[in-house]
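Read through the structure below, which is laid out as C-alpha cells, and then see the notes.
The numbers here are math on the coordinates, done by the rules we state, and not lab data. Owing to the predicted nature of the structure, the values given are computational and were not obtained by experimental measurement. Positions of Cβ are backbone-derived with ideal geometry, glycine not excepted, and every protein chain shown enters the neighbour counts.
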Amino acid sequence: MTQRILFVCLGNICRSPSAEGVVRVKAAQRGINLDLDSAGTGDWHAGEPPYGPMQNAAKARGYDLSELRARVVRVEDFGDFDLIVAMDADNMANLRRMRPEGGAEVKLFTDFAPEGSGWTEVPDPYYTRDFDGALDLVEACADGLLDALSR
C-alpha cells in the first residue's frame, strides 16, 4: 500500500518543498513507494515555484524542485493523506486547529531527526539564509522518516 505524506511549512517555498523533494529521491533509492506533496499554512506564495536560493541549494545536492508549486493546506488534506508533517511548532499548531476528528496524524519533521540532535524545528532559511543548513536537517529527518516507515 502506498503511504501518502504531506509536508507543511509557512509559505511552501523553502522547507516543505525541500522535504518533498528530498524524501522523493531518498524513497526511490530505497525502493519505497510514497505519494508525496507539500503545502503551506499561508497563501502568500500560492502557485509560485520554490524560492530560487532554496532550489539552487537543493539542485547542488541532486534534488530538482523546479516542477513544484506552492499551495495552501486544505481541510480535505486530512482525509487525503496518511501523515501530515510540519516543519515547526507554529505550523503544527495551525494544522492541529484545522484537523477534523479522525483526520491524518500530524507530526513534526524533527520527530524523525537523529536521536540527541537537539533539533525541535526546521529553521526557515527564507529568514536565516542558511539553505545548506536547512537541507542538512531535512536530509537527516528524511532518513529518519524513511527508517520509521520501513519498520
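Can you pull the three principal axis extents for the Cα set of the stretch 3-150, in Å, largest first?
41, 35, 29 Å, listed from the longest principal axis down.
Rank by packing, highest mean first: peptides 132-139, 67-74, 114-121, 26-33, with packing defined as the count of other Cβ atoms within 10 Å averaged across residues.
Ranking the peptides 132-139, 67-74, 114-121, 26-33 by packing returns 132-139, 67-74, 26-33, 114-121.
With a cut-off of at most 14 other beta carbons within 10 Å, and DSSP calling the residue loop, which chymotrypsin sites (Phe, Trp or Tyr not before Pro) in the stretch 1-79 qualify? Please list them.
Of the chymotrypsin sites (Phe, Trp or Tyr not before Pro), the ones in loops of the stretch 1-79 whose Cβ has at most 14 other Cβ atoms within 10 Å are W44.
Give the distance, in whole Å, between the Cα centre of the stretch 109-124 and the Cα centre of the stretch 1-77.
The two parts, judged by their Cα centres, are 18 Å apart.
In percent, what relative contact order does the chain have, based on Cα pairs under 8 Å that are 6 or more apart in sequence?
The value is 27 percent.
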